[in-house]
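> Can you keep this structure in mind? I'll have questions shortly.
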Amino acid sequence: MRRWLTTFLLALALAGCGGRETRDSNESEAAPALWELAHADGRPAGYLFGTIHALPAGAEWQTERITTALEQSDSLVVEVAALDDSAAIASMFTRMARTPGRPPLAARVGAEQRPALADALDKVGRSPRDFADIETWAAALILAQAAGEAENRENGVDRALLAANRTRPIVELEGAAGQFAVFDRLPEAEQRILLGAIVVETNDRPAQSERLAAAWQRGDMKAIAAEARSGVLASPPLREALLDRRNRAWAAGIAGLADQGGRPFVAVGAAHMAPPGGLPDLLAASGFAVRRIQ
């Protein structure tokens, strides 16, 4: 599980945030979504940047507005800071993922999904025996990760921002343990919905990833929403657990940083910017002026 759940989070990272917005004619095609925050009295309060966790090699995404926003920020706020500590993350995943006495994997999906499960296992070179003691949520992430091995997560935007950061303090909103815990706390029924959705989506993974990356790169949030509001996030309980509840917690933390005089550059998966209940909406509701600038 070298890259843990980044493949799965690609789907979560790319929900939309409303209609497509017009841009200056001299602006480059690469223009992923960026918002500016200000206090009610006009004082700068930071930026919100929706990221993607995997991109093709050589894909362009840096713009003058992103560079300027980073220069004007005093901290970098991310979901997980230690993305490169793969050994620690793998150990953590193993501890949380295993519980003896799990039912057979095929018994944890509907009868209509079992042929797709068999196909998914065959494609990633796994056997049902590999999942004998693996919790259902963890099995879903393993299959998603294995199906996405061809994606170049080394080119992920969050990873690039962390690598380029030299002087700004890094604030971690959740951490790897916190993200795993989100899945681990799901009731078994919801874990099985998650597994079924991942199994179904495995066949479309390469094409889906390409579509989402292209939409993210050009800032087409309407297209991203159309792609990402199906599958896993179409389930209201899963959307609440995986997206909305986390957004509320993160918005409170970001507001706290800004209220203390900080100007954070918040770089998290673009799904967390999606209305209703995305970070721009939540921070606007708490009194900040929020303006999309790219």
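The values are calculated or read from the model by the stated rules, or taken from the named source; none is laboratory data. Bear in mind that the values here come from a model prediction, so they are computed numbers and not experimental data. Cβ placement follows ideal geometry from the backbone for every residue including glycine, while neighbour counts extend to all protein chains displayed.
> Within the range 157-179, count every residue that is over 17 Å from the mean Cα position of the chain (by Cα) and among the basic types (K, R).
The total comes to 2.
> Quickly run through the range 234-271 and pick out the residues that are more than 16 Å from the chain's Cα centre (by Cα), modelled with pLDDT of 95 or more and not small (G, A, S).
Hits for the range 234-271 are I254, L257, D259, Q260, R263, P264, F265.
> Moving on to the next point. Somewhere in the range 60-70, is a residue over 23 Å from L242 (Cβ atoms), touching an Asp or Glu at 6+ places or on another chain (Cβ under 7 Å), modelled with pLDDT of 85 or more and exposed (fewer than 12 other Cβ atoms within 10 Å of the Cβ)?
No, every residue in the range 60-70 fails to be over 23 Å from L242 (Cβ atoms), touching an Asp or Glu at 6+ places or on another chain (Cβ under 7 Å), modelled with pLDDT of 85 or more and exposed (fewer than 12 other Cβ atoms within 10 Å of the Cβ).
> Just to check your reading of the model, which residue among A59, A40, A88 is assigned to a helix (DSSP H, G or I) and among the hydrophobic types (A, V, I, L, M, F, W, C)?
A88
> If I ask for residues that are in a strand (DSSP E or B), under 21 Å from S209 (Cβ atoms) and of a type in the set (A, V, I, L, M), which ones from the range 252-272 would you list?
Of everything in the range 252-272, those that are in a strand (DSSP E or B), under 21 Å from S209 (Cβ atoms) and of a type in the set (A, V, I, L, M) turn out to be A267, V268.
Here is a yes/no grid of residues against (1) part of a strand (DSSP E or B); (2) within 20 Å of V80 (Cβ to Cβ); (3) in contact with a Ser or Thr (Cβ under 8 Å, 6 or more places away or on another chain):
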position: E210; (1), (2), (3): no, no, no
position: A223; (1), (2), (3): no, no, no
position: R246; (1), (2), (3): no, yes, no
position: W250; (1), (2), (3): no, yes, no
position: P276; (1), (2), (3): no, no, no
position: G287; (1), (2), (3): no, no, no
position: Q294; (1), (2), (3): no, no, yes
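> While we're on this one: Go through the range 94-150 and report how many residues are β-branched (V, I, T), touching a residue at least 60 places away in the same chain (Cβ under 8 Å) and not in a loop (DSSP other than H, G, I, E, B).
Here the count works out to 2.
> Taking the range 231-268, which residues are in contact with a helix residue (DSSP H, G or I) (Cβ under 9 Å, 6 or more places away or on another chain) and polar (S, T, N, Q)?
S235, N247
> Still on this structure, please answer the following. Name the single residue that is surrounded by the fewest Cβ atoms within 10 Å (Cβ to Cβ) among those in the range 129-151 being charged (D, E, K, R) and at pLDDT 90 or above.
It comes out as R129.
> Give the residues of the range 50-105 that are under 25 Å from R292 (Cα atoms) and aliphatic (A, V, I, L, M), sorted by residue number.
Passing the criteria: I52, A54, L55, A59, I66, A69, L70, L76, V77, V78, V80.
> If you go through the range 161-168 one residue at a time, do you hit one that is farther than 22 Å from A138 by Cα, in contact with a Ser or Thr (Cβ under 9 Å, 6 or more places away or on another chain) and either modelled with pLDDT of 90 or more or not acidic (D, E) (or both)?
yes
> Out of (1) among the β-branched types (V, I, T); (2) at pLDDT 75 or above; (3) over 15 Å from the mean Cα position of the chain (by Cα), what's the single condition that is false for V182?
Here V182 meets the rest and fails (3).
> Next up: Do we find a residue being over 19 Å from L238 (Cβ atoms) and either in a helix (DSSP H, G or I) or of a type in the set (A, V, I, L, M, F, W, C) (or both) anywhere in the range 176-188?
Looking through the range 176-188, at least one residue is over 19 Å from L238 (Cβ atoms) and either in a helix (DSSP H, G or I) or of a type in the set (A, V, I, L, M, F, W, C) (or both).
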